[in-house]
Amino acid sequence: MPNIKSAKKRMRQTLKRTARNRVRKEKLKKAVKAYRGALATGEQTVVSEELKKVTKAIDKATVKGILHKNTANRRKSRLAKAANRMAAAKA
């Protein structure tokens, strides 16, 4: 445990931020999971809607500092690629 006043404050801030970031990460994971579920159904309209939602969640996580910009772009690219593969398989 910290003894210095500023270190105590830093610890409190870290705990709050960690809790906040954990919630944001969970929202992101749930969005990705919902998207993968939509991919499994094979419905193109549902997949496109879920892709929009997961893209928005990834962008939000990037702005909030949860994900690095390049990591976010890589994930969005891979998710979009999966949707495109599914659409090509249907055609």
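Computed quantities for the displayed model
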{"read-out": "Output for segment 51-66, where each listed residue is among the small types (Gly, Ala, Ser) and crowded, with 18+ Cβ neighbours inside 10 Å", "value": "Ala57, Ala61"}
{"read-out": "From Lys69, Lys76, residue being in contact with a Ser or Thr (Cβ under 7 Å, 6 or more places away or on another chain) and either modelled with pLDDT under 95 or open to solvent by less than 70 Å² (accessible area, probe 1.4 Å) (or both)", "value": "Lys76"}
{"read-out": "Matching option when the condition is among the hydroxyl-bearing types (Ser, Thr, Tyr) and more than 11 Å from the chain's Cα centre (by Cα), among Thr55, Thr62, Thr45", "value": "Thr45"}
{"read-out": "Top-ranked residue of segment 1-42 - restricted to ones that are open to solvent by less than 100 Å² (accessible area, probe 1.4 Å) and not in a helix (DSSP H, G or I), ranked as nearest to Met86 (Cα to Cα)", "value": "Gly42"}
{"read-out": "Long-range neighbours under 7 Å by Cβ, at least six apart or interchain, first residue over 21 Å from Ala38 (Cα atoms) within segment 52-71, second outside any helix (DSSP H, G or I) and open to solvent by less than 60 Å² (accessible area, probe 1.4 Å)", "value": "Ala61/Leu67"}
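The values are calculated or read from the model by the stated rules, or taken from the named source; none is laboratory data. Because the structure is a prediction, the values reported are computed rather than measured. Here the Cβ is made from the backbone with ideal geometry for all residues, glycine too, and neighbour counts use every protein chain on show. To get the accessible areas, we keep the full protein, side chains included, count just its heavy atoms, and leave off ligands, DNA and RNA. Shrake-Rupley method; radii C 1.70, N 1.55, O 1.52, S 1.80 Å.
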